[in-house]
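To keep things clear, I will list the structure first and then write my remarks on it.
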Amino acid sequence: MLPGLPDVAELQLLFAQYNWLYFQGEIPAYRIAYNARFSNLAGRIVYKPPLIELSPKHLAGKPDELRETLLHEMIHAWLHARGQNPGHTATFKKKMRELGLRSIYHDLGKAAPLNESTKRYIIRCEKCTMELLRKRKPAPNLLCARCRKPLVAFEVVEIRPVELGSAASRAR
Ligand SMILES: [Zn+2]
Ligand SMILES: [Zn+2]
């Protein structure tokens, strides 16, 4: 683990704390994990199975960024749990403001066209961590080409691109 990052047990605790502090405990259990493979994502949420992943590379030594990224993904989880549209809707933005998150669009503004993928499924090999993105639901029982292990399919609903220098410019 990189220095300046909470370990996953602490992440899980943060999630629980924020859930009670800001969401009345309405968010169901999510696994919170780091994904070191993210190159242009700060965070990502998958609803099925429930999983929030954070980029260690982009969040190490940046507790505020980490908090904002986790809260951002938790708003998606919260809306989803309430049966509401979990996208970046007006309700989403209202909640962001309530939580004092700095920017309504939060990094999606500039980066969206490039990074907000239309691909909604991930298939991943848990052994070699190979990942593929797919637009359509992948067929069941796929095997990793390298390991011949069964691939796990995730439904991606939202990814959060890394800020492209926007935090620095806002801070000025
Ligand atoms: Zn594999
Ligand atoms: Zn989002």
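Excluding Cys128 itself, calculate the net charge of residues whose Cβ lies under 12 Å from the Cβ of Cys128, where each Lys or Arg counts +1 and each Asp or Glu counts -1. Before the final figure, lay out the partial values.
Numbers: positive: Arg37, Arg124, Lys127, Arg146, Arg148, Lys149; negative: Glu126, Glu131.
Neighbourhood net charge equals +4.
Quick one: length gained pulling Leu132 to Ala33 fully straight, 0.36 nm per residue minus the C-alpha distance? Walk me through the numbers on the way to the answer.
Working: separation 99, 0.36 × 99 = 35.64 nm, distance 1.84 nm.
Extra length from Leu132 to Ala33 when fully extended: 33.8 nm.
So who's got an amide H within less than 5 Å of the one on Leu51, skipping anything under 5 residues away but keeping other chains? H placed 1.01 Å off N, in plane.
Arg31, Val46
If each residue's Cβ is checked for other Cβ atoms within 10 Å, how do Ser39, Ser55 rank with the fewest at the top? Before the final figure, lay out the partial values.
Numbers: Ser39 9, Ser55 23.
Fewest-to-most ranking of Ser39, Ser55: Ser39, Ser55.
Lys and Arg at +1, Asp and Glu at -1: add these up for the other residues within a Cβ distance under 15 Å of Ala145 and post the number.
Details: positive: Arg124, Lys127, Arg134, Arg146, Arg148, Lys149; negative: Glu126, Glu131.
Computed value for this residue: +4.
Only the coordinates and a few stated rules stand behind these numbers; no lab work does. This one's a predicted model, so the numbers in the text were calculated from it and none came from an experiment. As a convention, Cβ positions derive from the backbone with ideal geometry for all residues, glycine included, and neighbour counts pool all protein chains shown.
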